[in-house]
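Read-outs: derived from the displayed coordinates by stated rules, not from any lab. As the structure is a prediction and not an experimental result, all values here were calculated from the model. Every residue, glycine as well, gets a Cβ built from its backbone with ideal geometry; the counts of neighbours run over all protein chains shown.
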Amino acid sequence: MSAGVSESAPSTTSVRGRAATEAPPAAVLPPRAPGAPRPGQQVPSHYAECFGCGPDHPRGMHMLMTAGEGLEVTATFVVTDEHQGAPGLAHGGVLVTALDDTLGALNWLLAVPAVTARLDTSFRRPVPVGAVLHLHAEITGVLGRKVYCRVTGRLDSPNGPVALSATAVFFQVPLEHFVRHGRPEDVARARKDEHVGDYLKHLEVNP
């Protein structure tokens, strides 16, 4: 989820010879958390009003995420008329949201909430209205509270041409982060959201 890093987040600036979003040699691949969505199981939305994956957002992207093997997630995004930037083409910012939300779903596999700290995106080819974007994301390493990951989006099939890709760093935060920084009325509504309840139960099983 892209809620912004906390004030205590460590720097994500580049290190000589290595991009800031590339997992450093000391990073490790942790085991999949007990209770995480099983391979082939849909990854729940973390909040019903999320613009990317929330089922109740009236103009949202309504993305569907599926847990893969290991620390991988796949997703699909159908580009509609409402997602246009240039005539007949998906808006670049909407496409970045698709990448970010898919990457955010990876944190379900670790059972620790995290927010986007840095996202580096490469656009390879235009994505037309009516296209289905197939996304594949994976965690490449974890170091302390930093989660390094990458995602690729392909046109119209999981093996289609690459349209865009990204590498990212997420920063693990306590749940209090969202209470402290979120708008109070939205936080109150989220507490009653069954999707959030499922998310919190998942975290309680695997603190």
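Under the Kirkwood approximation for Rh and a Cα-based Rg, what ratio Rg/Rh is obtained for the stretch 42-195?
Details: Rg = 15.3 Å, Rh = 15.9 Å.
Ratio value, two decimals: 0.96.
Less than 16 Å from a label point 7 Å out along the Cα-to-Cβ axis of residue 183: which backbone N atoms in the stretch 40-67 qualify, by residue?
Output list for this probe position: 48-52, 57-60.
Counting only C-alpha contacts under 8 Å and six or more residues apart, can you give the relative contact order of the stretch 42-195 as a whole percent?
This gives 21 percent for the stretch 42-195.
For residue 169, what charge total do you get from the other residues with a beta carbon under 11 Å from its beta carbon, if Lys and Arg give +1 and Asp and Glu give -1?
Working: positive: 118, 145, 146, 150; negative: 22, 120.
Every neighbour counted, the sum reads +2.
Order of 82-88, 96-102, 150-156 by packing, highest average Cβ count within 10 Å first?
Descending mean neighbour count gives 96-102, 150-156, 82-88.
What ranking, highest mean first, results for peptides 23-29, 103-109, 33-39 when packing means the other Cβ atoms within 10 Å averaged over each residue?
Order by mean packing, descending: 103-109, 33-39, 23-29.
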